[in-house]
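Q: What follows is a single structure, and I will ask about it in a moment.
Just so it is clear, none of the values below were taken in a lab; they were calculated from the coordinates. What you are looking at is a predicted structure, and each value in this text was computed from that prediction instead of being measured. Don't worry about glycine lacking a Cβ; one is built from the backbone with ideal geometry, like all the others, and counts go over all protein chains shown.
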Amino acid sequence: MFHKAVEMKLLEGTSMEVLFQDGKVKCFDMASLFEKYPQLKALRDREFFLSGKLMGSYGIMWNDDLDIEAETIYEEGITVRTEGVPCNMKVAEAVLSARALCGLSQKQLAAITGIDQYDISKIERGVSNPSVSTLERIAAAMGGQLSISIAVPSAD
């Protein structure tokens, strides 16, 4: 499964922290790739390094020639903490995971549910706040059911 980046913070040197959709924050130093990819040494220029931008949820880009995929950061980075995942990102992950498990494309899910593919994409990217009834339609279309829980502290 592809790990989607949600936020990025550039740190000292050539290090960064990236928050992923699952709440994990990974620290990654681009210098670890300098031997394998000498062109990345251009990132030693602080101003250039600071020009890096998160490209969608798929990676970080400095220019047309220099980028890194989010998956590389997730797999090779060090987990420094786990943050609470916003509700819209939990919904995004749940819908994306269920659809992948069923082997459906967004287009196929759209055809089954009658929900526009663009709207399914927005839900899966966490940029939409779908209604409970929409989520029920999505779950039912995949032969599942919607499950919601509310966690409250126990009274001791």
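Q: If neighbour count is taken as other Cβ atoms inside 10 Å, put Phe2, Phe28, Phe34 in order from fewest to most. Display every interim value, and only then the final one.
A: Working: Phe2 12, Phe28 23, Phe34 16.
Going from sparsest to densest Cβ surroundings: Phe2, Phe34, Phe28.
Q: Taking 0.36 nm per intervening residue step and subtracting the Cα-Cα distance, what contour gain separates Ala100 from Lys53 on full extension? Display every interim value, and only then the final one.
A: Values: separation 47, 0.36 × 47 = 16.92 nm, distance 2.80 nm.
Full-extension gain reported as 14.1 nm.
Q: What do you get for the angle between helix 132-141 and the principal long axis of the chain? Use alpha-carbon atoms, 0 to 90 degrees, nearest ten.
A: Between the helix axis and the principal axis of the chain, the angle is about 90 degrees.
Q: Under 10 Å, Cα contacts only: if you run a Gaussian network model on the chain, which one of Lys36, Lys24, Lys107 comes out with the highest mean-square fluctuation?
A: Of Lys36, Lys24, Lys107, the Gaussian network model singles out Lys36 as fluctuating most.
Q: When the chain is treated as a GNM, springs tying every alpha-carbon pair under 10 Å, which of Ala42, Ala110, Ala70 comes out with the largest mean-square fluctuation?
A: For the chain, modelled as a Gaussian network with Cα springs under 10 Å, the answer is Ala42.
Q: Something else: Please compute one quarter of the surface area of the Cα convex hull for segment 87-141 and express it in square nanometres. Kindly include the intermediate steps, with their values, before the conclusion.
A: Details: hull surface 12.3 nm².
Mean orientational projected area (segment 87-141, Cα hull): 3.1 nm².
Q: Taking the structure as given and computing Rg/Rh (Cα atoms, Kirkwood Rh), which label from [x] 1.56; [y] 1.07; [z] 0.96 fits?
A: Answer label, from the structure shown: [y].
Q: Would you mind finding the longest exposed-site-free stretch of the chain, with exposed GluC sites (Glu not before Pro) meaning DSSP loop and at most 10 other Cβ atoms within 10 Å? Intermediate values should be presented prior to the final figure.
A: On the way: sites that count: Glu12, Glu35.
It runs 36-156.
Q: With axes computed from alpha carbons, what is the tilt in degrees of helix 87-102 against the longest principal axis of the chain, rounded to the nearest 10 within 0 to 90?
A: With rounding to tens, the tilt is 80 degrees.
Q: Oh, and also: Return P(r) of segment 1-81 (all Cα-Cα pairs; 5 Å bins starting at 0; whole %; ordered from short to long distances).
A: 3, 17, 30, 27, 16, 6, 1
Q: Follow-up. Once R0 is set to 22 Å, what does the formula 1/(1 + (r/R0)^6) return for the Cβ-Cβ distance between Asp67 and Asp22, expressed as a FRET efficiency to the nearest 0.05?
A: Numbers: r = 22 Å, r/R0 = 0.99.
It comes to 0.50.
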